[in-house]
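Colleague: This is the structure, below, for whatever I ask next.
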Amino acid sequence: MNTDKSNVLFTRACETIPGGVNSPVRACRNVHCDPLFIASAKGSHITTVDGMECIDFIGSWGPMLLGHAHDDVTKAIAEAAGRGTSYGAPCGVEVLLAEKVCKALPAVEMVRMVNSGTEATMSALRLARAVTGRDKMVKVFGGYHGHGDAFLASAGSGLATFSIPGTPGVPACTVKDTLLVPYNDLEATRVLFEKHGADIAAFFIEPVAGNMGLVLPEEGYLQGLRDICTQYGALLIFDEVITGFRVSYNGAQGRFGIEPDLTTFGKIIGGGLPVGAYGGKAEYMKRIAPAGDVYQAGTLSGNPLAMEAGLATLGILEKSDYAGLEKKVGTFVDALAQVLRGKGLDVQYTHIASMFTLFFTDKPVRNYADVEKASASIFESYYKQMREMGIFLSPSAFETAMVSFAHTDDDFNRTLDAAKKLKF
Ligand code: HOZ
């Protein structure tokens, strides 16, 4: 694969942008290569500045469930841009998107738009602390909720990728109130709440973990968390930044039938533009300023371009065949795992809806400790060889592959053909 232009851009980028990238994981450092720079994307394909067209399994880390540059979404953005890109005053489409989100997820009675998933989780934590009058929060080892200070203890995604346990610049007093338990471990959660329950404001959880690779909740786990939080008066907060409108149109909460107190969103609800949101029970959301006393604000929040992109995206998704896509992805990932096992590799995979992760290990994966045991060196070889053949995967073993409605049988077959040529 020719990467000359990407290499030139990356060298230049490193002069003016830390690490040459605007978000760490995409730098490809832990797989020991340099990033590809992208010129354009359409449907399930992404084209590098050197003209290599790749099948994309990153999907911008989640937003592109319809595929890139969907005609209806780009039309909505272009028309909105012609009417002005930011007003700093309310506009009608904010109301339409809020109504659509609340209708899709009944536990979300009110919603506040922000600009990223990180902003959403930070704001939801502040609200939970205000509502309960308590300071502590619980998250799982390897759970990632953006880069807000309080969440940066044993976080997944980029921190797991680069083995960063925490980060300088976060005061110890900020993470001292962050308590950790293993994912899928109700017993450990009960023990923790027995000790600290009276001080815990919230349990933050990605109902389907998507930032330590994809790890699925075991039967009864989410209901168990719901029951524990109710018992101790803590808020259950579902981080649906990845799962919202992806594991079903009604999110993970709709799919598993669990009502969280608050929910955070990002990615898909912005249709590929920068958006986050948090919402939940009206009695809690009415504490947000100016309705209430909990301050949170943003110049570009409810931005008309992003709202139009989100509204167009959800409008298409509500009529989309999620079950059909899930079936196709399941068949594909199973075949992919078979090909790799045929090469003598230990491979486990997880799959739900349009997400999957391959783990190079012989043991089933149910939490972060299991994920960490998977082979990083085999992953690196797999990633590099697949990229060379035009298959664009997340450059980290701690991420989730994202498939879109635009992926075709030909994409899946070409990916399987590429996998058949791998050498380990
Ligand atoms: N949550 C995304 C990865 N799991 C964010 C992508 C990024 O950090 O760039």
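Colleague: So which lysines can Lys103 reach, going by Cα to Cα under 16 Å and dropping same-chain residues fewer than 8 places off?
Modeller: Here the lysines satisfying the reach criterion relative to Lys103 are Lys281, Lys319.
Colleague: Something else about it: Counting DSSP beta bridges in the chain, what percent are antiparallel, to the nearest 5?
Modeller: Approximately 60 percent, going by the DSSP bridge assignments.
Colleague: Please sort 412-420, 338-346, 393-401 by packing, taking for each peptide the average over its residues of neighbouring beta carbons within 10 angstrom, highest first.
Modeller: 393-401, 412-420, 338-346
Colleague: Using +1 at the C-beta of Lys and Arg and -1 at the C-beta of Asp and Glu, which of Ala277, Ile288, Leu340 has the Cα lying farthest in the positive direction of the dipole of the chain?
Modeller: Leu340
Colleague: Quick one: order His68, His32, His196 by neighbouring beta-carbon count within 10 Å, fewest to most.
Modeller: Fewest to most other Cβ atoms nearby, the residues stand as His32, His196, His68.
Colleague: Further, regarding this structure: What FRET efficiency comes out for Lys319 versus Glu79 if R0 is 22 angstrom and r is the Cβ-Cβ distance? Round to the nearest 0.05.
Modeller: Between Lys319 and Glu79 the formula returns 0.60.
Colleague: What is the spin-label model distance, in nm, from Met389 to Val8 if the labels are put 7 Å beyond Cα along the C-beta direction?
Modeller: A separation of 3.0 nm, rounded to one decimal place.
Colleague: Can you give the direction-averaged projected area of the convex hull of the alpha-carbon atoms in the chain, in nm²?
Modeller: That works out to 19.6 nm², a quarter of the Cα hull's surface.
Colleague: While we're looking at this one, here's another question. Could you tell me which residue out of Thr357, Ala27, Cys91 lies farthest along the dipole of the chain toward its positive end? Charges go on the beta carbon: Lys and Arg +1, Asp and Glu -1, centred on the Cα centre.
Modeller: The Cα lying farthest towards the positive end belongs to Ala27.
Colleague: Using packing as a proxy for protection, rank 365-378, 168-181, 89-102, 247-260 so that the peptide with the highest average count of other Cβ atoms within 10 Å comes first.
Modeller: Going from most to least packed, we get 247-260, 365-378, 89-102, 168-181.
Colleague: Ranking Lys328, Lys103, Lys5 by Cβ neighbours within 10 Å, fewest first, what do you get?
Modeller: Placing the least packed residue first, the sequence is Lys103, Lys5, Lys328.
Colleague: Cβ under 13 Å from Thr3's Cβ, Thr3 left aside: what net charge do those residues give with Lys, Arg +1 and Asp, Glu -1?
Modeller: Summing Lys and Arg as +1 and Asp and Glu as -1 gives -1.
Colleague: Would you give the gap between the C-alpha center of the stretch 404-424 and the C-alpha center of the stretch 180-254, rounded to a whole Å?
Modeller: A separation of 34 Å, based on Cα centres.
Read the figures in this text as sums done on the coordinates, not as results from a lab. Computed from a predicted structure; not experimentally measured. Glycine also receives a Cβ, built like all others from the backbone with ideal geometry; neighbour counts cover every protein chain displayed.
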